[in-house]
Amino acid sequence: MPNPGPSSQAPKSRREEYADATRQALIVAAGELFAAEGYQQVGVEAIARSARVTRGAFYHHFADKAELFDALVESLQAAAAAKVKSAAEAATKAKRLSAGIREFLEVCTEPAYRQLVIETAPAVLGPARCREIEEAHVYGLLIGALTSQAAASEKAKANAYLAARMIGSMVCEAAQLLDGAEDPAAMKADALKLVERMAGTLVTHKSRAAAAHQ
């Protein structure tokens, strides 16, 4: 049997597994309560009770409610990124960007994601922290996709980054407008056309730049 080598991780102890399970239970409980009642209306005691742990267990894992909310938003963004990546990888190479954008819009229309990530997070965590989490997950995928399709110049790369941020914001805004729209299906189709058109300009720019250097 081959030696697993120093890079292999030792299995977690029961104590570590229990700690991970407790932390996750707190995140899940907080997500359910925040979505149902609102961030400001939910206290630490209610979260601990819903997760079936003590206040001491809560403070063992999180300094306060805001730190827990940060972990919740990060988990929601990681799950969103997994869905977007899966949708993009299932599409043909030419359609991957479009498939990813479409899936991101679907994610943004999920009530809990829209309420907690799009609406509540900027007020609780601040814009800078929200951008950091976004770019580590969903926006990071979009930035990578558009940057790879932009022309090789530094200006084109910078424009791709800006476009990725703007496209992500457009998708989030469209998701909010869809809530309560008279014809959500038609509005969603229109929103996707507009967003994909903007993303397509970068691909077109790359093709033109490549042709100019031939």
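All of the numbers you see were taken from the coordinates with simple rules; none came from a lab. All of these numbers come straight from a predicted model, not from anything done at the bench. Glycine gets a Cβ as well: all are built from the backbone with ideal geometry, and neighbour counts include every protein chain shown.
Filter 85/188; 83/188; 95/188; 155/193; 93/155 down to the pairs with a C-alpha to C-alpha distance above 22 Å, please. Table pairs above 22 Å Cα-Cα are 155/193; 93/155.
Cβ crowding within 10 Å, taken as a proxy for footprinting-reagent exposure, orders 192, 125 from fewest neighbours to most as 192, 125. In the range 14-62, the C-alpha radius of gyration followed by the widest Cα-Cα span (Dmax) gives 10.6, 35 angstrom. Against the chain, whose longest principal axis is taken from its Cα atoms, helix 154-178 shows a tilt of about 60°. Once each of the trypsin sites (Lys or Arg not before Pro) sitting in a DSSP loop with at most 15 other beta-carbon atoms within 10 Å is removed, the chain keeps 53-214 as its longest stretch. Could you state the number of Å between the C-alpha centres of the range 33-93 and the range 116-191? Taking the Cα centre of the range 33-93 as reference, the centre of the range 116-191 is 20 Å away. Dividing the Cα radius of gyration of the range 42-128 by its Kirkwood radius returns 1.11 for Rg/Rh.
Relative contact order for the range 1-152: what percent, with Cα pairs under 8 Å and sequence separation of 6 or more?
Working: 105 pairs, mean separation 30.8, N = 152.
Across the range 1-152, relative contact order equals 20 percent.
Farthest toward the dipole's positive end in the range 122-189, which of 166, 143, 124, given Cβ charges of +1 (Lys, Arg) and -1 (Asp, Glu) about the Cα centre? Selected residue: 143.
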